[in-house]
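Data block below; observations after.
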Amino acid sequence: MGKSVLVIGSACADVIIRVDHLPAREENLHPSGQRFRLGGCACNAADVLGRGGADTVFVTPVGLQGVYGPWVLSELEKMPWAKPVLLPDAQNGCCYCLVEPDGERTFLSIHGAEYGFSPEWMAPYRERMFDYAYVCGLEVEEETGEALVKWLEGAKIRTLLYAPGPRGLRVPTKRTEKLLRLHPMLHLNRREALQMAGAGTLQEAMENLLRATGSAVIVTDGPNGAFVLEPGQTPCHVPGVPAERVVDTIGAGDAHAGAILLGLSRGWKLPDAAAFANRVAARVVAQEGATLRDAAILH
C-alpha cells in the first residue's frame, strides 16, 4: 500500500459552464452547457491518491445547508478515503468554472464551510504518524488558516507538501513564514513561483524558494512539463506529455500534486514522481472536470 498521506482541505461543487468567450460588461452570453462535477483543490489531489491505492486520509468539512453540501456529501460517500466532517448548520460554497473553447478556465469561487478548519476535527488523527501531508493556500488564507498552521506545527508529519495556488500571495506574511518554517515541499506553477519568490527567472525563483524552505520545489509549466529542484542539486527539467486533446484545464495542477505524492508514497525518486504526474495531468486536461474517469493510469 505504501506510505500514508494526510490531505486537509476543501471538497466543493464545480459548476462547469462552457462559453464562447469570457463575458464583457453588460454582455448577454448563451453558454453551450452546464454540468456539476466534484472539485476543490484538496479533493482533486486526494482523489488521485485514493484511487491510486495510497493509504490516504482526506479530512474535509461539509456544510449540510443549502444546495451544494448534500450533493458534495453524496459524492464523498463514494470515496473510502474521504473523512467528511459534517457541519449541519453551515453551507458549502461552489466554484463556477467558465471554460473557453481552448479549454482554459476562469474561476468564480464562492467560499463556504469547505474552506474552514478546526483542530477538533483532527482529534482522531492526533497520535497518528503520516509520511506525507497536503495543504493548499486557499485554506491557509482563510481566517481559520492560523489554526491550521498551528495544528501542522504540532502534527506528526514527516514531509508536508504546500500548494500555495494563485492566491498564495494573499496569505498573511507572518502566517506564510510560520508555514515555511515547517520545511514544506512547494508545488506551484511558473507564474506562482515567480510571484512568490519575487524573481525574474524561473531558476532564480526556485533557488529562492528552496532557500526559504530547505526542501524540494516543484514547478509545473503546462505542456512544457515540470521543473524540480532538490537541496544540493541543480534544477531538473521533466518533459511534459502531450495531451490527446484539451477539454478543460480544471484540476490539472491539483492532480499533478496528488500524483507527486502518490509516486513518493511508493518510494519513487522525485523526478520519477514528476514524470508520472505529468502523464496524469495530461490525462486530466483531456476530459471534463478534475476527477479522472479512467483511473487505470494511476496503477
Handout entry: Matching residues, the stretch 170-190, being assigned to a helix (DSSP H, G or I) and either within 16 Å of the chain's Cα centre (by Cα) or on the phi > 0 side of the Ramachandran plot (or both)
Key = 190
Exercise for the section: Name the one entry in 108, 73, 86 that is loosely packed, with under 15 Cβ neighbours inside 10 Å and under 13 Å from residue 10 (Cα atoms). Expected result: 86
Practice task
Mind listing whichever residues of the stretch 111-145 are within 22 Å of residue 174 (Cα to Cα), among the hydroxyl-bearing types (Ser, Thr, Tyr) and surrounded by fewer than 22 Cβ atoms within 10 Å (Cβ to Cβ)?
Solution key: 118, 144
Completion exercise
Given (1) surrounded by fewer than 14 Cβ atoms within 10 Å (Cβ to Cβ); (2) outside any strand (DSSP E or B), residue 148 misses just (1)
Exercise for the section: Identify all residues within the stretch 1-39 that are in a strand (DSSP E or B), hydrophobic (A, V, I, L, M, F, W, C), in contact (Cβ under 8 Å) with a residue 60 or more places away in the chain and within 25 Å of residue 68 (Cβ to Cβ); write none if there are none. Expected result: 6, 7, 8, 12, 13, 15, 16, 17, 38
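The rows are residues; the columns are (1) charged (D, E, K, R); (2) in contact (Cβ under 8 Å) with a residue 24 or more places away in the chain; (3) not in a loop (DSSP other than H, G, I, E, B).
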{"position": "128", "(1), (2), (3)": "yes, yes, no"}
{"position": "140", "(1), (2), (3)": "no, yes, yes"}
{"position": "158", "(1), (2), (3)": "yes, yes, yes"}
{"position": "165", "(1), (2), (3)": "no, yes, no"}
Exercise for the section: Confirm whether residue 243 is within 21 Å of the chain's Cα centre (by Cα) and not in a loop (DSSP other than H, G, I, E, B). Expected result: no
Handout entry: Total residues in the stretch 41-77, condition at pLDDT below 95 and in a loop (DSSP other than H, G, I, E, B)
Key = 2
Handout entry: Count of the stretch 217-259 residues which are aliphatic (A, V, I, L, M) and either in contact with a Gly (Cβ under 9 Å, 6 or more places away or on another chain) or surrounded by fewer than 21 Cβ atoms within 10 Å (Cβ to Cβ) (or both)
Key = 9
Handout entry: Residue list for the stretch 267-299, restricted to those being within 16 Å of residue 226 (Cα to Cα) and either among the polar types (S, T, N, Q) or part of a loop (DSSP other than H, G, I, E, B) (or both)
Key = 269, 278
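The values are calculated or read from the model by the stated rules, or taken from the named source; none is laboratory data. Here the structure is a predicted model, which is why all the values come from computation and not from measurement. Quick reminder, even Gly has a Cβ in these numbers, built from the backbone with ideal geometry, and neighbours come from all protein chains shown.
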